[in-house]
Amino acid sequence: MCLAIPCKVVEIFEENGERYAIAEYKGVRQKAKLTLLEDVKVGDYILIHTGYALEVLSEEDAKLSLEAWEELFEAISELEKKEKKK
């Protein structure tokens with residue numbers, strides 16, 4: 001199973017005849033091939049799996065997804081804190 005977090009495209013470039021994006025989430029940057037998508041531009045949110053951009057998300061959908069991820073990360077952090085206290 002793959003869980004993909006929306007990443008914001010901060011750069012697009014060509015390398016060896018292939019289009020790539022550099023996309024970022026919380027300061028972590030990933031390189032993704034744009035072979036499967038057309039019309040990706042800087043500022044778009046994309047989902048990446050195994051080095052390929054699979055989907056472009058609207059900004060609204062990306063923000064909703066990122067909010068859900070943040071809630072999940074907070075819940076995991078709280079569980080870890082409780083486990084350490086045991």
*Cross-chain or 6+ apart pairs with Cβ under 8 Å, the stretch 5-27 first and modelled with pLDDT of 95 or more, then loosely packed, with under 10 Cβ neighbours inside 10 Å and part of a strand (DSSP E or B)*: 20/14
_Residue tally, condition of a type in the set (S, T, N, Q) and surrounded by fewer than 13 Cβ atoms within 10 Å (Cβ to Cβ), over the stretch 24-75_ = 3
*Tabulated pairs, the stretch 67-80, first within 15 Å of residue 26 (Cα to Cα), second modelled with pLDDT of 90 or more and surrounded by 11 or more Cβ atoms within 10 Å (Cβ to Cβ), C-beta under 7 angstrom, 6+ apart or interchain*: none
*From the set of residues in the stretch 51-86 that are within 14 Å of residue 6 (Cα to Cα) and among the polar types (S, T, N, Q), which is nearest to the chain's Cα centre (by Cα)?*
65
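The values are calculated or read from the model by the stated rules, or taken from the named source; none is laboratory data. Only a predicted model underlies this, so the values are computations on that prediction, with no experimental measurement involved. As a convention, Cβ positions derive from the backbone with ideal geometry for all residues, glycine included, and neighbour counts pool all protein chains shown.
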